[in-house]
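Report on one structure; see the data block that follows.
Please treat every number below as a calculation from the coordinates, not as lab data. As the structure is a computational prediction, the values presented were derived from the model and not from experiment. All Cβ positions, glycine included, derive from the backbone under ideal geometry; neighbour counts span all protein chains shown.
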Amino acid sequence: MLPSTEALKLAGLDELKLSYKEALSLINGTSYSTAVASLGIWDSYRLLRAAVAVMALMIEASRASTAPLSTEANSTKLHRGGELEVARAISELVIDSKNVNTSGRTQDHTRLGVYPRYWARYLTRLVGHYVTY
């Protein structure tokens with residue numbers, strides 16, 4: 001590692017000298033705004049993960065079917081975004097549970113099949129594109 005002055009000399013560049021106004025303009029709110037936005041995104045991501053965990057707990061508490069969360073059921077839909085990822089995340093949380101219905105009967109389909117699609121919208125808006133959850 002080199003000090004910045006030496007690295008600039010090696011690159012053939014002059015050292016940048018800022019007056020007090022120029023230096024202040026570089027740090028005047030930009031870093032603060034970026035930090036606040038980053039924390040907001042991080043908090044939203046944590047909230048989404050908590051919502052997925054609560055959904056898994058709801059499935060277990062109601063002894064609901066996991067069929068609406070299957071990859072086959074969610075990949076045939078034309079929804080874009082993280083629907084498959086949200087369904088996969090919920091499925092992974094309940095995979096070893098003895099309290100869910102794994103018989104393949106989809107009587108809970110109209111209620112539970114909506115959640116991956118619902119939370120996927122927030123995941124897509126949060127990140128702006130398709131992501132792995």
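For this structure, a couple of remarks:
- For region 1-42, the gyration tensor built on C-alpha atoms gives an oblate shape. Its axis ratio a/c (a ≥ b ≥ c) is at least 1.5, and a/b is not larger than b/c.
- Highest mean first, the peptides 43-51, 4-12, 60-68, 84-92 sorted by other C-beta atoms within 10 Å per residue fall in the order 84-92, 60-68, 43-51, 4-12.
- Taking amide H as placed 1.01 Å from N in the peptide plane, residue 101 has its amide H under 5 Å from the amide H of 64, 65, 66, each at least 5 places away in sequence or on another chain.
- Eligible aspartates and glutamates near residue 98 by straight Cα distance, threshold 12 Å, same-chain separation 8 or greater: 60
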